[in-house]
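To start, the structure itself, in structure tokens.
Taken together, the values in this text are just the output of simple stated rules run on the coordinates, not laboratory data. A quick note: this is a predicted structure, and the numbers were derived from the prediction, not measured. As a convention, Cβ positions derive from the backbone with ideal geometry for all residues, glycine included, and neighbour counts pool all protein chains shown.
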Amino acid sequence: MKKRSGIVIVCLTVAMCLMITGCDKEKKPAATLMTEGDTTKPGEGDSQNDDTVMKPKTVSDEFDTSREQAKDKEKLNEEAEAAYMEFVSDDRLAVSDIEKQGWFRKGNRYGFSEIVNTYLSNEFTTEDMKECGLKDASYSYIDCGNNGSQEMVLQLKYMLPYGEWFLDYFLCYEDGEVHIMWDDEWGYRSDLTVNKYGYVTNGGSGGANRYSWDNYFFNGDNERVFLYSCDEVMGLATPMVEKYYLKDGWKRTDYPENEYATSGDGYTIYQYSLKEVKYEAEDDSDDMYEKYYKDYLYSFTDYNDKPVMPAPAMIEFYKKENVKWYDYEELKEKILKHQHMKGADDEIINADPVEWTSLADIIRYPLMEDEVEEDGTPEVTYYTILDDHPKPYLSPNAPSSTPYTPVKLKKISCVENEITDVDEWFAKAGTTKLGTDFDDGTYRYVLTGDAGYGTLTQINVYNKSDNTWLYHLDFSDFLYEDGYEGNDFVARGIHNCFMVGDLFYLNLYHRTYAETCPENAYMICVNITTGEVMWISDALVANSNSFVRWGDNIITGYGFTDEDDYIYILNRYNGAVNEKIKVKKSPDYFRFVDNDLWVRTYSYDYVFDILNN
């Protein structure tokens, strides 16, 4: 072996000297590269006559091979592009490489239309699907693992009862077949980003003070490689790990939770996991701890994202419990090294995001279209209502000069209830409990736009008789009062609404104490023909689950623990409070029964006679 290596070195040295000195002016063969085990000198032997002699491999041969490989890759990518387009045109089936109950069986083949319809039929009832459909489809090509291949990301945009929702399918072309490598979904309060080398971030808000995301990428073998997940919990009063993530969870009694690291607030905890686990249940059981929580990596920062340390007692507790916490900068570096170890280098991680191209003119599956009247105007009217008025507010265009007939309430009875017997109360009233989908006989109202924790910010209005969609009103701008963004429990949502003529009424409130955020519990009136806010009532008059109208009056209520509880009567033309009636507990529901007003409060049931003033 040593002798052969020496021959290679000598040959290369001589060849290089000849090229450098230029002593041979005649055209010579290209310099040769000899492989280990090849003792044949350049020019010796005849490969055509002697099969035992290997023809020397030249530098030009290496370039030729590289060019041929590039041509082969280009040809393969052309085939792949044609196959992808056949798939989205329903002319070709795709093989599933994933197993997903109710969706895909690994190894089975599926068409584009079948995939679209499976999502709709799995997620929604027949009645729901009247409002659902595929709104758009787009695609982009990626190069998984940065190896010159061409894979596709197919993005399907659905219009659902609660807004837009997206499914992204990752496709590759292998062995003459289109393969479904992976699918992922995202929508309201979440986002999914893909870059040109197949690096994916899928995350979104998990509430007012939580943001969570997953990162994964597709390598050169078109395999999905999970990298990490992270929960970022903001606004903590002290740097600490929640009991929820510890063994025995909330049952722990030895947790030093009252010791603060420093004065002030605004701390953030970053909770990383390098292990992918599908949540089967979200609880504090030992099983979830063993499967997931015990492997979390933690770090703590202040509101400027500067690293901070937990209190000494917490540090000692974490050491005892084997809780893994790090300096924030050290943990970020650890995550980056982990990604590199998994094959996602800096070039892959930092590549440019993909650009999307619509498939609207290619796919044969019918896309949803905005239905139009004969005059060409949209059938559904969309309004985005901005929180840009002082409160209370009265528009100069409000019908405040309309003659107003006030009413008074005279108490007939007040009976203590069992608190939990609310369904029985509705049964006696001859109706059902108010939900997020209800009607008044003329119009059907669907509360939607979930901003987290059941806080609804949007309303769809339908004609009750034929379920024609008429209006969409978006009050997302009212979610937080200025200066309270992201604070716990002060997100304001819609709980009831109805329309009378061209005036649309709704209540808007959060579910905590007035002292936490006093700008709360309003009645709002909007002109449905223009989208203009007609009036906004005083604060703290409308946090009941429902409200009702009697003639020119809106009857609603407000109350909360350790706060005064009242029924309020408002002039429906200008929002002014005409009268308030003290009650023992906070009003929840209002119903008319035989021309009497039934009021369900937290622990008392009232009946009132309604009198003209």
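Stretching the chain fully between residue 105 and residue 124 yields a gain of 4.7 nm (0.36 nm per residue, less the alpha carbon separation).
Dipole of the range 465-526, Cα-centred, from +1 at each Lys and Arg C-beta and -1 at each Asp and Glu C-beta, to the nearest 20 debye? Walk me through the numbers on the way to the answer.
On the way: 2 positive and 10 negative charges, 49 e Å.
In total the dipole reaches around 240 debye.
Each residue of the range 391-408 was assigned a 3J(HN,Hα) from its phi angle through the Karplus expression (A = 6.51, B = -1.76, C = 1.60, θ = phi - 60°), giving 10, x, 9, 9, 6, x, 8, 5, x, 5, 8, 4, x, 10, 10, x, 10, 10 Hz with x at Gly and Pro. Amide H contacts of residue 512: none lie under 5 Å away among residues 5 or more positions distant or on a separate chain (H built 1.01 Å from N in the peptide plane; Pro and chain starts excluded).
On a full-extension model of 0.36 nm per residue, what is the gain between residue 512 and residue 159, subtracting their alpha-carbon distance, rounded to one decimal in nm?
123.8 nm
For a Förster distance of 51 Å, can you work out the FRET efficiency between the beta-carbons of residue 482 and residue 361, rounded to the nearest 0.05? The calculated FRET efficiency here is 0.70.
Computed from phi, the 3J(HN,Hα) profile of the range 197-206 under the Karplus parametrisation 6.51, -1.76, 1.60 (θ = phi - 60°) reads 9, x, 8, 10, 10, 10, x, x, 6, x Hz, with x in place of Gly and Pro. Selection among 457, 583, 525 by position relative to the dipole of the range 381-612 gives 583 as farthest towards the positive end (Cβ unit charges, Cα centre). Put simply, when 209-215, 420-426 are sorted by average Cβ atoms within 10 angstrom per residue, most first, you get 209-215, 420-426.
Could you tell me what percent of the DSSP beta bridges with both partners in the range 381-612 are antiparallel, to the nearest 5?
95
Any of 100/243; 391/411; 251/294; 75/106 with alpha carbons more than 21 Å apart? Name them for me. Table pairs above 21 Å Cα-Cα are 100/243; 391/411; 75/106. Coupling constants for the range 588-593 follow from the phi torsions by the Karplus curve (6.51 cos²θ - 1.76 cosθ + 1.60, θ = phi - 60°), and in residue order they are 10, 9, 10, 8, 8, 9 Hz; glycine and proline get x.
Rounded, prolate or oblate: which one fits the range 381-612, using the alpha carbon gyration tensor with axes a ≥ b ≥ c (rounded when a/c is under 1.5, else prolate when a/b beats b/c, else oblate)?
Taking the square roots of the gyration eigenvalues as a ≥ b ≥ c, the range 381-612 is rounded.
For the range 381-612, what is the relative contact order in percent, using Cα pairs closer than 8 Å and at least 6 residues apart in sequence? Relative CO of the range 381-612 lands at 22 percent. Put simply, the amide H of residue 136, placed in the peptide plane, has neighbours under 5 Å in 157, leaving out anything fewer than 5 places away on its chain.
Please report the relative contact order for the range 381-476, taking Cα pairs under 8 Å with a sequence separation of at least 6, and give it as a percent rounded to a whole number.
28
Approximating the spin labels as points 7 Å out from Cα along Cα→Cβ, the residue 147-to-residue 113 distance works out to 3.6 nm. Each peptide among 538-548, 232-242 gets the average number of other Cβ atoms lying within 10 Å of its residues, and from highest to lowest they stand as 538-548, 232-242.
Are there trypsin sites (Lys or Arg not before Pro) in the range 97-184 that DSSP puts in a loop and that have at most 11 other Cβ atoms within 10 Å, and which ones?
Sparse-neighbourhood loop trypsin sites (Lys or Arg not before Pro): 106.
Between amide H atoms placed 1.01 Å from N, distances below 5 Å from residue 601 occur with 588, 606, all of them 5 or more places distant or on a separate chain.
Using Cα-Cα distances under 8 Å and only pairs 6 or more residues apart, what relative contact order does the range 76-166 have, in percent?
Taking the mean separation of contacting Cα pairs over the length of the range 76-166, I get 20 percent.
Spin-label model, residue 413/residue 400: points 7 Å from Cα along the beta carbon direction are separated by 4.2 nm.
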